Amino acid sequence: MTDPDAVVSELQRAENEEELKERLERELNELLQELRSLIPGAEVLFGFLLAISFTAEFQELGSLERYVYYATLAFTGVALVLYLAPAAHHRLRFREGDKDYLMRKANKEVIAGTVASSLALTGVIFLVSEKVFGATEAVIASIAFFSFIAWRWWALALLRAYRT
């Protein structure tokens, strides 16, 4: 069995030997791969949210449901802007030697995008749960769902960072 500390040590040694330009190119490619999985989901959710606003049933939403719907739509839009920002920045600063700044900025934007996405997904869970079960159950389902997201998306990574 491989010693986890030995693996971390070997990875750090290899990363230190990697040239800065190579590292930045690798990190940019990793970021692009991650965004390729995040952007389509946010786009589909945004499109769905826009489409349902033109249905007859949408007119039957109560006041709370309308606020949650709008917040969900807004958080989805924010997530998309944050996920697409690195590409816009890269195009505007292409060949300007700004890749390290781009990567640091993009990392923060994608993390913020996951926060916006988590709130949008939680809003969807609330809206569906409220229609199916009622407001109390929707609040419980939303809290449970957001807690699950926080655990899977952030807590495990932050716990790992704390332990190393």
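The values are calculated or read from the model by the stated rules, or taken from the named source; none is laboratory data. Predicted model, so just to flag it, every value in this text is computed and none were measured. Neighbour counts are summed over all protein chains in view; Cβ atoms, including those assigned to glycine, are modelled from backbone coordinates with ideal geometry.
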message: Among the residues of region 21-30, are any of a type in the set (A, V, I, L, M, F, W, C) and touching a helix residue (DSSP H, G or I) at 6+ places or on another chain (Cβ under 8 Å)?
response: yes
field: Every pair of residues 6+ apart whose Cβ atoms lie under 7 Å, when the first sits in region 60-81 and is closer than 21 Å to residue 114 by Cβ while the second is modelled with pLDDT of 95 or more and of a type in the set (D, E, K, R)
entry: 80/43
- prompt: Would region 44-54 turn up any residue that is at pLDDT 90 or above, over 16 Å from residue 149 (Cβ atoms), aromatic (Phe, Trp, Tyr) and more than 19 Å from the chain's Cα centre (by Cα)?
  reply: yes
field: Hits in region 112-164 - residues which are aromatic (Phe, Trp, Tyr) and assigned to a loop (DSSP other than H, G, I, E, B)
entry: 133
- prompt: Is there a residue in region 131-151 that is charged (D, E, K, R), buried (at least 17 other Cβ atoms within 10 Å of the Cβ), modelled with pLDDT of 95 or more and over 27 Å from residue 19 (Cβ atoms)?
  reply: no
field: Looking only at region 145-164, and only at residues there that are among the hydroxyl-bearing types (Ser, Thr, Tyr) and without any contact (Cβ under 8 Å) to a residue 40 or more places away in the chain, the one that is nearest to residue 130 (Cα to Cα)
entry: 147
